[in-house]
Amino acid sequence: MISQKWTKLIKSLQLKKFRKAEQLFFVEGEKAVLEVLASGWPVKALFGTPDFLGRHPDATIAAELAHPCTAAELEAVGTFASNNAAIAVVQLPQYAPFTEQPGDWVLVLDQINDPGNLGTIIRVADWYGIEHILCSTDTVDAFNPKVIASAKGSFLRVKLHYQMLAETLAKVQQPVFGAYLGGESVHQLKLSQTGGFIVLGNEANGISQALEPLISRRITIPAFGDAESLNVGIACAVVVDNLKRLSAL
């Protein structure tokens with residue numbers, strides 16, 4: 001069973017302040033938990049149904065850290081409405097400070113508030129081989145349970161750095177592309193080099209005024225219908241796909 005101590009801790013990790021204080025977060029569901037276990041990230045505790053633990057004896061960690069429990073217990077302490085597999089309590093990673101590398105594409109997120117959007121963006125970055133995402137300090141926390149659920153296992157391979165964006169972008173050497181409703185069409189861009197920074201703004205307000213002077217090129221996704229705008233996760237995928245394609249030509 002899941003003890004009262006662990007129940008209280010796991011529930012507390014739904015809040016950023018407790019994740020920061022404990023330096024822990026949790027991962028739910030069979031596929032995501034198996035990816036974490038295979039990744040080598042430090043897992044502090046594993047709670048799984050007897051069925052899950054029995055089917056994955058090679059994937060589970062040391063027996064003293066693996067605790068059998070019921071699906072009802074997993075659902076009571078986690079955020080999933082249905083979880084008949086496992087929850088892993090994992091140590092937060094410590095990343096080295098971000099360093100610009102010539103030729104690399106880097107995503108820059110300016111106050112992205114929705115956890116689902118951030119999770120989607122992390123998956124897009126992983127799909128296109130983007131290793132680093134720079135986030136404003138007021139962007140939603142990467143280890144929010146909803147972000148982890150939306151990102152699937154991609155959070156294991158993409159590093160998110162929370163910092164003052166204006167200070168960082170003021171020092172970079174590569175172009176800074178800003179996604180706007182008006183600008184150069186991503187279908188017709190001419191690139192003189194591979195790599196750069198792709199800035200995506202807040203869901204409601206776009207890129208903040210403080211970052212506007214640091215944008216080298218304003219880019220846009222041309223519309224062929226009447227929608228006012230695109231979801232930022234979808235916009236991210238379209239922009240990245242085009243920039244990666246054009247830089248490969």
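The values are calculated or read from the model by the stated rules, or taken from the named source; none is laboratory data. This structure is a prediction, so every number in the text was calculated from the model and none was measured. Counting neighbours? That spans all protein chains shown, and the Cβs are built from the backbone with ideal geometry, glycine included. When the accessible area is computed, the model is the full protein with side chains, heavy atoms only, and any ligands, DNA or RNA have been set aside. Shrake-Rupley method; radii C 1.70, N 1.55, O 1.52, S 1.80 Å.
The H on the amide N of LEU24, modeled in the peptide plane, is under 5 Å from the matching H of LEU92, each at least 5 residues off or on a different chain.
Approximating the spin labels as points 7 Å out from Cα along Cα→Cβ, the ASP51-to-GLU184 distance works out to 5.4 nm. Per the helix-only calculation at 222 nm, which mean residue ellipticity applies to the chain, given -39500 (n - 2.57) for every DSSP H run of n ≥ 4 and division by its residues, nearest 500 deg cm²/dmol? Taken over the chain, the calculation gives -9000 deg cm²/dmol. Shown for the range 189-238: the carbon plus sulfur share of the solvent-accessible area, taken with all protein chains present and a 1.4 angstrom probe, equals 50%. Accessible surface computed residue by residue for the chain, with neighbouring protein chains in place and a 1.4 Å probe, gives 50 Å² per residue.
Which residues make up the longest stretch of the chain clear of trypsin sites (Lys or Arg not before Pro) that lie in a DSSP loop with no more than 13 other Cβ atoms within 10 Å, not counting the sites? Value returned for the longest uninterrupted segment is 1-170. Partner lysines whose Cα lies under 30 Å from the Cα of LYS171, excluding those fewer than 8 positions away in the same chain, are identified as LYS16, LYS20, LYS159, LYS190, LYS244. Atom-type composition of the exposed protein surface of the range 48-102 places 57 percent of the accessible area on carbon and sulfur (1.4 angstrom probe). The HN-Hα couplings worked out from phi for the range 92-102 by the Karplus form 6.51 cos²θ - 1.76 cosθ + 1.60 (θ = phi - 60°) are 5, x, 10, 8, 5, x, 5, 10, 5, 10, x Hz, whole numbers, x standing for Gly and Pro. If the segment from LYS171 to THR194 were pulled out straight at 0.36 nm per residue, it would be longer than the present Cα-Cα gap by 6.5 nm. Of the GluC sites (Glu not before Pro) found in the range 157-249, those that fall in a DSSP loop while having at most 10 other beta-carbon atoms within 10 Å are GLU228. Near the amide H of ILE207, within less than 5 Å, lie the amide hydrogens of GLY201, ASN202, all on another chain or at least 5 residues away, with H placed in the peptide plane. For a modelled paramagnetic label at ARG157, 7 Å from Cα along Cα-to-Cβ, no residue of the range 232-249 is in reach, as no backbone nitrogen comes under 12 Å.
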